[in-house]
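Shown next, in structure tokens, is the structure this report addresses.
The values are calculated or read from the model by the stated rules, or taken from the named source; none is laboratory data. These figures come from a predicted structure and were not determined experimentally. Here the Cβ positions follow ideal geometry from the backbone for every residue, glycine too, while neighbour counts run over all protein chains shown.
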Amino acid sequence: MAPERKFFVGGNWKMNGNKKEIDGIIAFLTAGPLDPNAELVCGVPPCYLDYCRQKLPGSIGVAAQNCFKVAKGAFTGEISPAMIKDVGVEWVILGHSERRNVFGESDALIAEKVSHALSEGLKVIPCIGEKLEERESGKTEEVVFSQLKAIVDKIPEDKWDNVVIAYEPVWAIGTGKTASPQQAQEVHGKLRQWLSENVNAEVAQKVRIIYGGSVTAENCRELAKEADIDGSLVGGASLKPDFIHIVNASQ
Ligand SMILES: O=C[C@H](O)COP(=O)(O)O
């Protein structure tokens, strides 16, 4: 990680937790100790956004795990950026591979969601990443560049400070098969180069690109040492007290 980029860790709880379990997570996060130089954001289920925002210390951010592309209306089951902001939450994760692959979200829909969330003042964590067969057939770059392009086309120049990009190879998510630090760095470096060529050098230098996929307390430090890995997006391991080590991985 380059020193000018603040280390960023997202804990994506996915569809896990109840009030009792969440109280346990909040207790270990509050006890810490957490690296004051790291930014921590917890992605929580929608029905607990308000609960978590009220109970977590203000120094820990809260994120929704999804939102829709318009402010309100007849969209049963959806929540809007305006609603997320209304309960004091600042962040949203968009285009996670489970949204893409389980719920069939397209690049175009994800891009519209990113656009609307940014315009409403939310900070966004758009996710990209290739599937195993795409990696094995040598298409990793093609896939992640095209996913990135769809999103980048919708990010206004003055909103880049509100964006943290998550690279999550689908084959590494929840499988215990972490990308090696070198494999992850290779893609992160190429994404930064793509941003430099297709947006501008300043954005490429300042935007944080975090890695997700079976990050644990054991492998987080090696990943954090890589030049273009600015933190992690953590699923399963964010539910356990060991998560503190992941937040502190750059110390
Ligand atoms: O958003 C987080 C990723 O999907 C990673 O999940 P995982 O750490 O359980 O592999």
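Observations on the model:
- Selection within region 14-60 - small (Gly, Ala, Ser) and in contact (Cβ under 8 Å) with a residue 40 or more places away in the chain: Gly17, Gly32, Ala38, Gly43
- Members of region 114-127 that are assigned to a loop (DSSP other than H, G, I, E, B), out of contact with any Phe, Trp or Tyr (no Cβ under 8 Å at 6 or more places or on another chain) and of a type outside the set (Asp, Glu): Gly121
- Look at (1) under 21 Å from Leu94 (Cβ atoms); (2) under 19 Å from the mean Cα position of the chain (by Cα); (3) more than 16 Å from the ligand (Cβ to nearest atom) and you find that Gly10 fails only one, number (3).
- Filter pass, Val203 being at pLDDT 95 or above and either closer than 17 Å to Ala184 by Cβ or within 12 Å of the ligand (Cβ to nearest atom) (or both): no
- Within the set Glu98, Glu141, the sole residue that is over 23 Å from Gly236 (Cβ atoms) and of a type in the set (Asp, Glu) turns out to be Glu141.
- Enumeration of residues in region 128-153 that are part of a loop (DSSP other than H, G, I, E, B), within 19 Å of the chain's Cα centre (by Cα) and either buried (at least 19 other Cβ atoms within 10 Å of the Cβ) or without any contact (Cβ under 8 Å) to a residue 24 or more places away in the chain (or both): Gly129, Glu130
- Some residue of region 113-124 being hydrophobic (A, V, I, L, M, F, W, C), under 27 Å from Glu226 (Cα atoms) and surrounded by 15 or more Cβ atoms within 10 Å (Cβ to Cβ): yes
- Some residue of region 97-106 being surrounded by fewer than 21 Cβ atoms within 10 Å (Cβ to Cβ) and touching a Phe, Trp or Tyr at 6+ places or on another chain (Cβ under 9 Å): no
- Test result for Lys177, surrounded by fewer than 16 Cβ atoms within 10 Å (Cβ to Cβ) and closer than 21 Å to Val92 by Cα: no
- Taken residue by residue, region 209-227 has no member that is crowded, with 22+ Cβ neighbours inside 10 Å and away from the ligand (no atom under 16 Å from the Cβ).
- Residue in region 189-199 that is of a type in the set (A, V, I, L, M, F, W, C), within 16 Å of the ligand (Cβ to nearest atom) and crowded, with 21+ Cβ neighbours inside 10 Å present: no
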